[in-house]
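Chemist: Before anything else, here's the structure in question.
The values are calculated or read from the model by the stated rules, or taken from the named source; none is laboratory data. Predicted, not measured: the structure shown is a model, and the values here were computed from it. FYI the Cβ positions are ideal-geometry reconstructions off the backbone, even for glycines, and counts take in every protein chain you see. Side chains included, ligands, DNA and RNA excluded: accessible areas come from the protein's heavy atoms. Shrake-Rupley method; radii C 1.70, N 1.55, O 1.52, S 1.80 Å.
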Amino acid sequence: TANDGMVIAPMIETNQAIENIDEICSVDGVDVLLIGPSDLSIELEVPMQFESATYEAGLDKIAEGCARNGVVPGMYFIPPGMDPNWFVEKGYKFFTQQWGPFAANGIQNHLSGINR
């Protein structure tokens, strides 16, 4: 019963993970691939350049692999200054929120700007 109720979300933070996206997605029980934005940007040699074409191409490959395999792509956090809907339009549907700002601004207020 516990296994049926768990969400399995491996972190995707390397070129090797992107290259093996279909294999990772095909592991039985994987529900979400969770992107570590900072670590992925460093690995892609565009540190913290979240709006770079290189970073966007990596996110697209991950989202495409998830779509092919019925896995939800997710972001560990939305990089500062970026619109969450940019990620939603790419197919990302799972987001964690930084607790401090989330609590300070109120849950509903914080989520109101994301198209769902």
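Chemist: Can you report the number of residues in the stretch 68-89 which are modelled with pLDDT of 95 or more, part of a loop (DSSP other than H, G, I, E, B) and surrounded by fewer than 17 Cβ atoms within 10 Å (Cβ to Cβ)?
Modeler: 1
Chemist: Please specify each residue of the stretch 30-67 satisfying the condition of being open to solvent by less than 40 Å² (accessible area, probe 1.4 Å) and of a type in the set (Gly, Ala, Ser).
Modeler: 36, 38, 41, 52, 58, 63, 65 - these are the residues of the stretch 30-67 that are open to solvent by less than 40 Å² (accessible area, probe 1.4 Å) and of a type in the set (Gly, Ala, Ser).
Chemist: Then there's this: For the list (1) more than 18 Å from residue 82 (Cβ to Cβ); (2) at pLDDT 95 or above, I need the number of the one condition that residue 29 fails.
Modeler: Of (1) more than 18 Å from residue 82 (Cβ to Cβ); (2) at pLDDT 95 or above, only one is false for residue 29: (2).
Chemist: Evaluate the following for residue 51: is it acidic (Asp, Glu) and at pLDDT 95 or above?
Modeler: no
Chemist: In addition: Before we move on, is residue 10 touching a residue at least 40 places away in the same chain (Cβ under 8 Å), of a type outside the set (A, V, I, L, M, F, W, C) and open to solvent by less than 60 Å² (accessible area, probe 1.4 Å)?
Modeler: Details: touching a residue at least 40 places away in the same chain (Cβ under 8 Å): no; of a type outside the set (A, V, I, L, M, F, W, C): yes; open to solvent by less than 60 Å² (accessible area, probe 1.4 Å): yes.
In short, no.
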